[in-house]
């Protein structure tokens, strides 16, 4: 299988030698891609795609969302959610149903096997996080978390983003 993401050693050379002072957004993107790739490898061993992982994480926290709510929280378009939910339904992870008194909205619920995946998959993500922070001190990890959350808050107040209808930072 060929990877669409540059191998990690290439990324390290790129950041340390070629563009050590490049934009922070690019560095964050590359760290995120490396983390996603690491998790993807682990998830695939359990027959779960990275896209399904995103929806499972949301449903483990709040089961029974409408497809529209699920799309918004995942930051993807509704047709993408519909395709993923149908595939997850075929795999026995979720079921879609309408609630009594509301024939308009389709709600997505975890099945027993979808709920059980949480105990199997969450430790895989925790492993990736552990590997990612490596030997960093708890103080450095906490500081990084605070900085990234501040950046996210700053972007949430970006006037151009707040006008956007597909802003994943906007409340439902």
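The values are calculated or read from the model by the stated rules, or taken from the named source; none is laboratory data. Model, not experiment: these values are computed from the prediction. Positions of Cβ are backbone-derived with ideal geometry, glycine not excepted, and every protein chain shown enters the neighbour counts.
In the range 152-166, the qualifying residues are those that are farther than 24 Å from residue 31 by Cα and not in a loop (DSSP other than H, G, I, E, B), and the one that is modelled with the lowest pLDDT is 162. In the condition set (1) touching a helix residue (DSSP H, G or I) at 6+ places or on another chain (Cβ under 8 Å); (2) surrounded by 15 or more Cβ atoms within 10 Å (Cβ to Cβ), residue 111 is compliant with all but (1).
Of the candidates 142, 116, the single residue that is modelled with pLDDT of 95 or more, surrounded by fewer than 13 Cβ atoms within 10 Å (Cβ to Cβ) and within 27 Å of residue 93 (Cα to Cα) is 116.
When the range 55-67 is filtered for residues that are assigned to a helix (DSSP H, G or I) and in contact (Cβ under 8 Å) with a residue 24 or more places away in the chain, the ones remaining, listed by number, are 55, 56, 59, 60, 67. Based on this model, can you work out whether residue 23 counts as free of Cβ contacts under 8 Å to residues at least 40 places away in the same chain, within 24 Å of residue 152 (Cβ to Cβ) and over 17 Å from the mean Cα position of the chain (by Cα)? Yes: the conditions hold for residue 23. Per the conditions (1) touching a helix residue (DSSP H, G or I) at 6+ places or on another chain (Cβ under 8 Å); (2) within 18 Å of residue 116 (Cβ to Cβ); (3) part of a helix (DSSP H, G or I), the sole criterion not satisfied by residue 34 is (2). Only one of the listed residues (149, 121) is under 22 Å from residue 29 (Cβ atoms), modelled with pLDDT of 90 or more, out of contact with any strand residue (DSSP E or B) (no Cβ under 7 Å at 6 or more places or on another chain) and surrounded by 10 or more Cβ atoms within 10 Å (Cβ to Cβ). That residue is 149. Applying the set (1) modelled with pLDDT under 60; (2) within 24 Å of residue 115 (Cβ to Cβ) to residue 53 leaves exactly one unmet item: (1). In the set 128, 120, 108, 48, only one residue is outside any helix (DSSP H, G or I) and touching a residue at least 60 places away in the same chain (Cβ under 8 Å); that residue is 48.
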